[in-house]
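Taking it in order: structure first as structure tokens, then the write-up.
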Ligand code: GDP
Ligand code: GDP
């Protein structure tokens, strides 16, 4: 079964991002007393009683300086388009306002399941405030408090009660799922079309598997792939779809379902800040990554241009030093044939498993060459290492004191592991645990 998408809708300053942070546990977002503070995260994945769900804070998508009612309409539309269940949030201390009624009307007509949450009900005595909210017509209101974290369990129970059973298609694990992310106009849709238009690619069918993703399965040289569609690739023309935050959210959704993420850059225009933000999402998600420099046909070049561009990429994307770079042109299809083999290679390294004995040989050699650091007279001692996960490969080091594994030594060990095994294109995680 697929993961339900839940959206929070409500007026500014009623506590949407506070609740979002409580549920997702993401301290990155900024909560401020000012209404309409910028939020870093509007989309995240939460878990309640072992069931996962995606949560969208629609308040984080602001469309220009529109008046309140227009903003509210955009938020409601976004929630109706994207979510399976909508949490309609109101402020228990302020009662029902005209903007609440406007939103209620839109949501009412949507046929989506709605859960009415009354926030800022910080204590039991305040529960008397609840009665007026029955008049909104969404049944029992759920009292919650973002500040004190009250009522969230009951709220989420109700959300799951109303969540439809989604039958999102699950692919066989040999199938490589990949997505193309990048700022607008770098050529994501052109590249998708040229990959699919290439000879020797057999497109099975364009499957509209779910409402929010268009997956395109195809086979090439006996390997099955699926392209996961992202926002920029289907321009539907809703107002909020032109906002950067919305495209970031859609990119996050696509990244989540991918094994491999292609970070597409525009070779003609070069690298800008937005490219780094987009690439950061894929890195944080721990996916295999290929950097694709598109529009290479439009670049005036000599025999050093490619090398220079690669150096520039390495400087700008320090955190992606493991990602291979492919230069190509979606327009002319030049060098396009180099792409799928690289995607296949990084999908394999992303799933690579190293046996404990071979891994420990590498760690022992690494420590012999460069002794472990000391801190306040204590030396880091690594008892043994083992790989605990794939996608991305994750290694646990059992040590005397995890605090002693400093960043630079961890980095050194990562490099030694990369020298010993091919982990091209995949991040690797190293975690220290106290040995008992
Ligand atoms: P948003 O604009 O709807 O996302 O609202 P915020 O999450 O930014 O919260 C707006 C203000 O309400 C902040 O000052 C919060 O600290 C405060 N707030 C949020 N939840 C509660 C609550 O449950 N009780 C009280 N008393 N204040 C809250
Ligand atoms: P998206 O917004 O990332 O999906 O970008 P599009 O695929 O819509 O492409 C944006 C523009 O770049 C269009 O005008 C394309 O024709 C152009 N474009 C895409 N790929 C190439 C390429 O390889 N070379 C050149 N010269 N132009 C390209």
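The values are calculated or read from the model by the stated rules, or taken from the named source; none is laboratory data. Remember, predicted model here, so these are calculated numbers, not experimental data. Ideal geometry is used to build each Cβ from the backbone, glycine not excepted, and the neighbour counts take in all protein chains shown.
Things worth noting here:
- Meets criteria (part of a loop (DSSP other than H, G, I, E, B) and crowded, with 18+ Cβ neighbours inside 10 Å) for residue 427: yes
- Here is the figure for the range 293-317: residues that are under 28 Å from residue 417 (Cβ atoms) and near ligand 2 (Cβ under 10 Å from one of its atoms) total 1.
- If the condition is being within 16 Å of ligand 1 (Cβ to nearest atom) and either under 16 Å from the mean Cα position of the chain (by Cα) or crowded, with 20+ Cβ neighbours inside 10 Å (or both), then the range 47-73 contributes 55, 56, 57, 58, 59, 60, 61, 71, 72.
- In this entry, residue 107 passes the filter for residues that are in contact with a helix residue (DSSP H, G or I) (Cβ under 8 Å, 6 or more places away or on another chain) and crowded, with 16+ Cβ neighbours inside 10 Å.
- Single match in 80, 87 (criterion: within 27 Å of the chain's Cα centre (by Cα), buried (at least 21 other Cβ atoms within 10 Å of the Cβ) and assigned by the TED database to the domain that holds residue 145): 87
- Filter result for residue 343 (within 16 Å of ligand 2 (Cβ to nearest atom), surrounded by 17 or more Cβ atoms within 10 Å (Cβ to Cβ) and within 21 Å of the chain's Cα centre (by Cα)): no
- Residue 299 vs. criteria crowded, with 18+ Cβ neighbours inside 10 Å and either more than 21 Å from the chain's Cα centre (by Cα) or under 30 Å from residue 222 (Cα atoms) (or both): no
- Residue count for the range 108-128, restricted to those that are closer than 24 Å to residue 150 by Cβ and more than 12 Å from ligand 1 (Cβ to nearest atom): 8
- Residues that are within 16 Å of ligand 2 (Cβ to nearest atom) and part of a helix (DSSP H, G or I) are absent from the range 318-333.
- Selection count, the range 253-279, where residues are farther than 21 Å from residue 194 by Cβ, part of a helix (DSSP H, G or I) and touching a helix residue (DSSP H, G or I) at 6+ places or on another chain (Cβ under 7 Å): 3
- If the condition is being more than 7 Å from ligand 2 (Cβ to nearest atom) and in a helix (DSSP H, G or I), then the range 172-195 contributes 192, 193, 194, 195.
- Hits in the range 68-106 (condition: part of a helix (DSSP H, G or I) and over 19 Å from residue 42 (Cβ atoms)): 69, 98, 99, 100, 101, 102, 104, 105, 106
- Hits in the range 298-322 (condition: touching a residue at least 24 places away in the same chain (Cβ under 8 Å) and closer than 20 Å to residue 286 by Cβ): 317, 319, 320, 322
- Complete set of residues in the range 284-296 that are buried (at least 16 other Cβ atoms within 10 Å of the Cβ) and in a helix (DSSP H, G or I): 296
- Qualifying residue in the range 364-386 (condition: without any contact (Cβ under 8 Å) to a residue 40 or more places away in the chain, outside the structural domain of residue 187 (by the TED database) and within 28 Å of residue 175 (Cα to Cα)): yes
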